[in-house]
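Let me begin by presenting the structure, written as structure tokens, before commenting on it.
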Amino acid sequence: MNYSKRHGEILKLIQEEGTMTIARLAEKLGVSLETVRRDVKPLARDGAILKMHGAIGLPSVVGEAPFERRMREQADAKRVIAKLVAATIRDGESVMLDTGTTTSFLARELLGHRRLTVVTNSSDIARTLATVNGNKVYMAGGELRSDSGAAFGVSAIEFVTRFTVNHAVITAGAVDVQHGILDYVLEEAEFARVVLTRGTRRIVVTDHTKFGRQGLVQVCGFADFDELATDLTPPSDIARAVEEASVALLVANPR
């Protein structure tokens, strides 16, 4: 069928990101949720997109595992953040990374480094950096998640507390001006909180879409880490909270 201009905009956005929530799509297009729901119906009927609970996606992407889908979302932003942070890590240093798509991108950017000591609960990160360039990789054990291939639980937390590293790096599910860094899963938040305590340098990496979101579980306040690495300058209220907490702001593409 012949689609309207907005249908074309929807298809373009979904081709760029793979999957997208209805709320995010409405925000991008500057229209109401009901308008988006109405617009996606013919696209879903024709098979151009697939409808999921509260979201839509490309048919070729929806069959992927959740972690693989998240790796596609904001991939360019996560890649530039990873490049920025990787450039601050030197050969022979130690790094602790929690599981997350941005830290997985960071692991890929660290493939050019040598003799790293890496501690992680992510099988993706461990696979990426183990057995190359003289690296030592220690992976936490525990209950393995089917979607991300990461280990969680008491044993994973106890394992990482045995290490003290040069750089402790965690991802963020949301960044809120009042509560700081948040996540949506209790076990992930608990693990990330412990990771931050093990680093001489404590870094949070997140793309700009996480700013202003409301997470479920607080990981830490702004005073509990040293640097925030992102792709775009945060909104003024979050930038102010970061500055007041004496957190260094690393921005790949400052606006």
Among the residues of the stretch 1-55, which ones are outside any helix (DSSP H, G or I), modelled with pLDDT of 85 or more and of a type in the set (A, V, I, L, M)?
Val31
By residue number, the members of the stretch 183-206 that are β-branched (Val, Ile, Thr) and assigned to a strand (DSSP E or B) are Thr200, Ile203, Val204, Val205
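Of everything in the stretch 116-173 that's among the acidic types (Asp, Glu) and out of contact with any Ser or Thr (no Cβ under 6 Å at 6 or more places or on another chain), which residue is nearest to Thr102 (Cα to Cα)?
From the stretch 116-173, those among the acidic types (Asp, Glu) are 124, 143, 147, 158; that's our starting set.
If we keep only those that are out of contact with any Ser or Thr (no Cβ under 6 Å at 6 or more places or on another chain) too, we end up with 143, 147, 158.
Numbers: Glu143: 22, Asp147: 16, Glu158: 24 Å.
Here the answer is Asp147.
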Looking at (1) assigned to a helix (DSSP H, G or I); (2) at pLDDT below 80; (3) farther than 26 Å from Glu109 by Cβ, which one does Met71 not meet, given that it meets all the others?
(3)
Quick check on the stretch 150-160. Is at least one of its residues at pLDDT below 90 and within 25 Å of Glu93 (Cβ to Cβ)?
yes
For the stretch 73-93, give me each residue that is open to solvent by 50 Å² or more (accessible area, probe 1.4 Å), farther than 30 Å from Lys12 by Cβ and not basic (Lys, Arg).
Ala87, Thr88, Asp91
Anything in the stretch 212-255 that is of a type in the set (Ser, Thr, Tyr) and either within 18 Å of the chain's Cα centre (by Cα) or in a strand (DSSP E or B) (or both)? List them, or say none.
Thr230, Thr233
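To keep it simple, each residue is scored yes or no on (1) modelled with pLDDT under 95; (2) of a type in the set (A, V, I, L, M, F, W, C); (3) out of contact with any helix residue (DSSP H, G or I) (no Cβ under 8 Å at 6 or more places or on another chain).
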{"residue": "Val137", "(1), (2), (3)": "no, yes, no"}
{"residue": "Gly142", "(1), (2), (3)": "yes, no, no"}
{"residue": "Gln178", "(1), (2), (3)": "yes, no, yes"}
{"residue": "Val194", "(1), (2), (3)": "no, yes, no"}
{"residue": "Thr206", "(1), (2), (3)": "no, no, no"}
Please verify whether Thr209 is assigned to a strand (DSSP E or B) and open to solvent by 10 Å² or more (accessible area, probe 1.4 Å), treating the condition exactly as stated.
no
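The values are calculated or read from the model by the stated rules, or taken from the named source; none is laboratory data. Source: prediction; values computed, not measured. Cβ atoms come from the backbone with ideal geometry, glycine included; neighbour counts cover every protein chain shown. Ligands, DNA and RNA are excluded from the accessible area calculation, which covers all protein heavy atoms including side chains. Shrake-Rupley method; radii C 1.70, N 1.55, O 1.52, S 1.80 Å.
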